[in-house]
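Data block below; observations after.
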Amino acid sequence: MILRALLFAPLILAGAAATDIIEDRFTSGVWQGDANYDSDGQFTDCTMTAESKRGVLLGFVISKDFDWGVVIADETKTLEVGSRKAVLLIIDGLNPIAAVAKVVDQHGILIPLENSDPMVEALRHGKSLRIVIDGAEFSFELTDTRDAIAALAACVTDHEGTSRVEL
């Protein structure tokens, strides 16, 4: 849980206590999701995460502008924060998708994704995701991803334009 907070800190700053009636947290299958706010209390994005059998955290993020990304956090790896890494994403053994990840935490990376129908559909209907970075390979089962991605997108739509107010 601490790693998750540290990983997303560069992306979002935790807001104050919520007075919104909209639920900021959601669960979909094995995925845990949250709506996130900046230091001024303005909605920034929604994230959802699940942990692999090996303890590696996989997350998806959609910003308020509907920019997509994948986050990986592995406490056994130490990375140079701010550096960029070439990555390959492979869904169900299909053609690899090349991307450039940004190291956002000493243990985690953010991989920006296109909000394109083929990519989103592949993630929704895929059974496995392999990510190759610096010769290391991470494998994830895409369990319940279809419903989870729908819940993640709904989170963004529901929170769009909302803010948190300090008590």
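So what does log10 I(q)/I(0) come out to for the stretch 42-87 at q = 0.24 Å⁻¹, using the Debye formula with one equal point on every Cα and no solvent? Log-scaled intensity ratios, in q order: -0.99. The relative contact order of the stretch 90-146, computed from alpha carbon pairs under 8 Å that lie at least 6 residues apart in sequence, is 31 percent.
Normalising the average separation of contacting C-alpha pairs (under 8 angstrom, six or more residues apart) by the number of residues puts the relative contact order of the stretch 71-167 at 24 percent. For the stretch 2-159, averaging the sequence separation of C-alpha pairs within contact (under 8 Å, six or more residues apart) and dividing by the residue count gives a relative contact order of 22 percent. Simple spin-label estimate for residue 150 and residue 52 gives 2.7 nm between the two label positions (7 Å along the Cα-to-Cβ direction from each Cα).
Here the extension length gained between residue 75 and residue 42 equals 8.9 nm, from 0.36 nm per residue of separation less the Cα-Cα distance. If R0 is taken as 30 Å, the Cβ-Cβ distance between residue 88 and residue 141 corresponds to a FRET efficiency of 0.95.
Computed from the coordinates by the stated procedures, all read-outs in this text should not be read as laboratory data. These numbers come from a predicted model, not from an experiment. No Cβ is skipped: glycine too gets one built from the backbone with ideal geometry, and neighbour counts run over all protein chains shown.
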